1. According to a simple spin-label model (label point 7 Å from Cα along Cα-to-Cβ), what is the distance in nm between residue 6 and residue 42?
2. Under the definition of Cα pairs under 8 Å and six or more residues apart, what whole-number percent is the relative contact order of the chain?
3. Jot down the radius of gyration and Dmax of the chain, Cα atoms only, both in angstrom.
4. Rounded to the nearest 500, what is the chain's calculated 222 nm mean residue ellipticity when only DSSP H runs of at least 4 contribute -39500 (n - 2.57) each, over all residues?
Amino acid sequence: MKATQHCQIRQKQRNISSPVITLALSCGVNIKNSDKIVLRKTEVEDIYSSLLKLIKQLERS
């Protein structure tokens, strides 16, 4: 997906970093009847869990 101009304006207004936008575009869900994409709580928890597992593996190495 591609970030819309509206998305870029909101990103600047809310000081949201580009990696967060990229993450939302790749893992987010479209909202019905809208061009908005959101990260749901379960998706954020899954990403967080995966990152913690990766960090633990790297620490063991």
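The numbers here are math on the coordinates, done by the rules we state, and not lab data. Here the structure is a predicted model, which is why all the values come from computation and not from measurement. Every residue, glycine among them, receives a Cβ derived from its backbone with ideal geometry; neighbour counts consider all protein chains shown.
1. So the label points at residue 42 and residue 6 sit 2.6 nm apart.
2. RCO, the chain: 21 percent.
3. Rg, Dmax (Cα atoms, Å): 14.3, 47.
4. One gets -20500 deg cm²/dmol as the mean residue ellipticity at 222 nm.
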